Each structure stands twice: as C-alpha cells, then as structure tokens.
Amino acid sequence: MENTTKKMSLQKQKKQELIDSLAKDFSAASSIYLLDFQRITVAQDNALRMNLRKKGIVYRAAKNRLIREALKKANITGLDSYLKQATSIMLGSAEDPMLPAREVVEFHKANPDILKAKGISLDNSALKGSELENLAKMPGKNEILGQVVSLMLSPGANLIALIKGPGSKIAGQIKALEEKLETAK
C-alpha cells in the first residue's frame with residue numbers, strides 16, 4: 001500500500017512538472033498552435049520534430065487535461081474548446097509567430113490531411129484552425145521590418161531621382177553644345 005501511494009505521488013509530481021513546463025512555454029510563446037496529430041506516423045513525426053527543432057520551433061504532445069491546466073496557469077483563454085482527441089502543440093516565438101503556420105502548410109504539401117490545426121492563439125487571441133493558411137501567408141517580423149525600411153527610404157530615393165534627373169539633362173545638353181562648338185572650330 002505504501003509503494004502504491006509513493007508511486008501515485010510521484011506520478012502526480014511528474015504531471016505537475018509537465019503542467020509547469022507547458023505553462024512556462026505558453027507564457028514565453030507569442031503564438032500557440034493546437035494540432036490534431038492522430039494520423040501521423042512515427043517516421044513522419046520524427047522527421048517533423050527534427051525539422052522544427054532546427055528552426056527553433058517547440059513541438060510537443062500532451063494530454064488535453066494537462067494542456068488545459070497549463071493554459072489556465074499561463075492565463076491563456078479561448079483554446080479549451082479545441083482540446084478534443086489527440087493534441088500536439090507548436091509554439092511560435094516573438095521573432096516570427098507565423099513560422100509554425102508556414103511549417104505546417106509546408107508539411108501538408110507532402111502529407112495532406114495530417115497534422116490539422118484545431119485552434120490557434122496569437123497574442124492571446126483565439127483563432128479557428130482554419131485560419132492557419134492565412135497566417136502562413138503573412139510575412140515574418142524581419143520581412144515586415146524590411147518593408148517598413150523600404151517605404152521609409154523610397155521618398156528620399158524618389159526625391160534624389162527628381163533632383164538629379166533635370167540636372168543630368170542640363171549637363172548632357174551643355175556637353176553636347178560644347179562638343180558641337182569644338183567640332184565647329
């Protein structure tokens with residue numbers, strides 16, 4: 001009886017450690033993707049995990065009850081209704097919260113109907129899994145910053161072109177006139 005009690009206590013402790021670990025990951029993530037991974041094979045799952053690890057994406061599977069408790073502990077709402085059947089989790093970083101969406105879409109190209117998105121939390125706003133395709137099309141943080149810098153620099157580049165344009169036309173006409181006068185001598 002004593003061994004059984006210790007064993008149950010140890011299991012409860014491990015579950016609590018998993019909840020704490022998930023809650024910490026959820027709090028640090030800027031996006032959370034809940035995925036249905038029932039149809040994935042072990043080989044596909046291992047290949048996906050290796051690919052995601054290289055890109056810095058956290059990918060885990062856990063029981064829905066533990067995920068629900070971790071979400072509650074991390075004060076993330078709106079995802080409880082998606083916690084049905086087998087669930088895996090992908091977490092997006094602040095650098096590129098859409099990267100997991102792009103990775104799932106890329107995975108779907110080779111493996112259609114596997115790893116379907118159930119629900120997504122983006123900056124603590126719950127979205128349906130059907131929004132995955134739209135999120136995957138959104139640019140990452142670095143791409144957006146590049147676009148902003150380009151937009152900021154384009155008025156200056158246009159101004160220089162406008163200033164330089166008439167000046168170079170006049171300089172070209174003066175040079176042509178100079179050459180014409182020299183050949184006339």
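The values are calculated or read from the model by the stated rules, or taken from the named source; none is laboratory data. Predicted model, so just to flag it, every value in this text is computed and none were measured. Cβ coordinates were reconstructed from backbone atoms using ideal geometry, including for glycine residues, and neighbour counts include every protein chain displayed. The protein model used for the area step is the full one, side chains on, heavy atoms only, and it has no ligands, DNA or RNA in it. Shrake-Rupley method; radii C 1.70, N 1.55, O 1.52, S 1.80 Å.
Here are a few things to note about the model shown:
- Formal net charge of residues neighbouring residue 64 (Cβ-Cβ distance under 12 Å; K, R +1; D, E -1): +2
- Accessible surface comparison of 138, 98, probe 1.4 Å, protein chains only, largest first: the order is 138, 98.
- Backbone phi angles across the range 124-135, fed through the Karplus curve with coefficients 6.51, -1.76 and 1.60 (θ = phi - 60°), yield HN-Hα couplings of 6, 10, 7, 10, 6, x, 5, 7, 4, 4, 5, 5 Hz in residue order; Gly and Pro are listed as x.
- Close amide H partners of residue 40, meaning residues 5 or more places away or on another chain with modelled amide H under 5 Å apart, are 115.
- The range 58-125: trypsin sites (Lys or Arg not before Pro) falling in loop per DSSP and having at most 16 other Cβ within 10 Å: 63, 84
- With a cut-off of 10 Å between beta carbons, the residues surrounding residue 136 carry a summed charge of -2, where Lys and Arg count +1 and Asp and Glu -1.
- For the range 34-141, carbon and sulfur atoms together expose 53% of the accessible surface, with a 1.4 angstrom probe and every protein chain in place.
- Applied to the range 45-54, the Karplus parametrisation 6.51 cos²θ - 1.76 cosθ + 1.60 on θ = phi - 60° returns per-residue 3J(HN,Hα) values of 4, 5, 5, 5, 4, 4, 4, 5, 4, 4 Hz, with x for Gly and Pro.
- Count Lys and Arg as plus one, Asp and Glu as minus one, and take only other residues whose Cβ is under 14 Å from that of residue 26; the net charge is then 0.
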